[in-house]
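Step one of this worksheet: look at the structure below.
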Amino acid sequence: MGSGPIDFHALGKAGPGEAEALCTAAFGTEDELGDLFGVGLTYRSGGGGRPCAYETDDGGTVLLSVLDFRPPPLPGFDLTALGERYAVVVSTVPPAPPALADPARRSRLQAWLDGRAHAVVDDHDAWLATLPAVEQPYVAINGYELDPYGLAQPYVELTGRLVTPSRTIGVTGVRRVSYLRTDEDAHPMRAGEGREFLLTTLVSEPAPGAAAVDVAVHARVEGADVGVVPLPADTRTDSDVVTDLVLSVPTGCTEVELVVTTDGTEQAISLADGTVRGPREGAR
């Protein structure tokens, strides 16, 4: 009845094809859960940050979730169990399972849930090692998704700008994450062994009255050019364009720059602290 450890990241980020097996390992078979809740249960969905969801024989729903925070007992949860770090909660869609209305069965269900909460382990490093790695060098724009774990990583605001005769390219801030999804339905990807993703947002602003000129922005990591940032073609129009940039860099690397060259003169902005070197103004 789900007696082994619950791998937090493996369960929460499982794809559709592996979620059912992980839900079963975490909480037990449909028959075992049906005995606990007092009603027949059929697995419906799970993984990808969603609860393990089961339909009941009488048209209700039971949702089993593992959370990486410790919620107080809230009306939205029918049962809450707190472990050392994680919580396991039960929520239902009516009709509620009979076990919730029977004091003895509810007590048995709570004891089982308490055990499951204490069985949750932080498997981040082991889970991360199982993910496919992106090819190096990796320079990409837009088209990625962060889960709540990624969004919780520190965000450092930056204010530096690269100024050219035709455009000003500003950097708003950076975040570093160990994995991401290239789109909503894709399997998570890691940055590579000893590497992390550096995420930033570029805002490209046209110079008033300037001619449309293509601006080549290069990414440089530890002094080496890793490729041209593929800015969308519409960065040469008269409107501001926001572009999300993703780089794979060595973990903790601070020598990361974006570089533009105008008339043979180089400007660079550090993605570690926003420092700009080279000319601060273009031919405006």
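Annotations
- The residue that is modelled with the lowest pLDDT, among those in the range 32-62 that are under 27 Å from the mean Cα position of the chain (by Cα) and buried (at least 22 other Cβ atoms within 10 Å of the Cβ), is Gly46.
- Looking across the range 55-66, the residues that are of a type in the set (Ser, Thr, Tyr) and under 11 Å from Ser91 (Cα atoms) come down to Thr61, Ser65.
- When the range 11-44 is filtered for residues that are touching a Leu at 6+ places or on another chain (Cβ under 6 Å), in a helix (DSSP H, G or I) and among the small types (Gly, Ala, Ser), the ones remaining, listed by number, are Ala26, Gly34.
- Residues of the range 14-31 that turn out to be crowded, with 21+ Cβ neighbours inside 10 Å and either within 11 Å of Leu41 (Cβ to Cβ) or modelled with pLDDT of 85 or more (or both), as a count: 4
- Test for Pro97: is it surrounded by fewer than 19 Cβ atoms within 10 Å (Cβ to Cβ) and of a type outside the set (Gly, Ala, Ser): no
- Leading residue by the ranking (farthest from Glu145 (Cα to Cα)) among those in the range 234-265 that are open to solvent by 10 Å² or more (accessible area, probe 1.4 Å), modelled with pLDDT of 90 or more and outside any loop (DSSP other than H, G, I, E, B): Glu257
- Looking across the range 137-159, just one residue is polar (S, T, N, Q) and out of contact with any strand residue (DSSP E or B) (no Cβ under 6 Å at 6 or more places or on another chain), and that is Thr159.
The values are calculated or read from the model by the stated rules, or taken from the named source; none is laboratory data. Source: prediction; values computed, not measured. Quick reminder, even Gly has a Cβ in these numbers, built from the backbone with ideal geometry, and neighbours come from all protein chains shown. When the accessible area is computed, the model is the full protein with side chains, heavy atoms only, and any ligands, DNA or RNA have been set aside. Shrake-Rupley method; radii C 1.70, N 1.55, O 1.52, S 1.80 Å.
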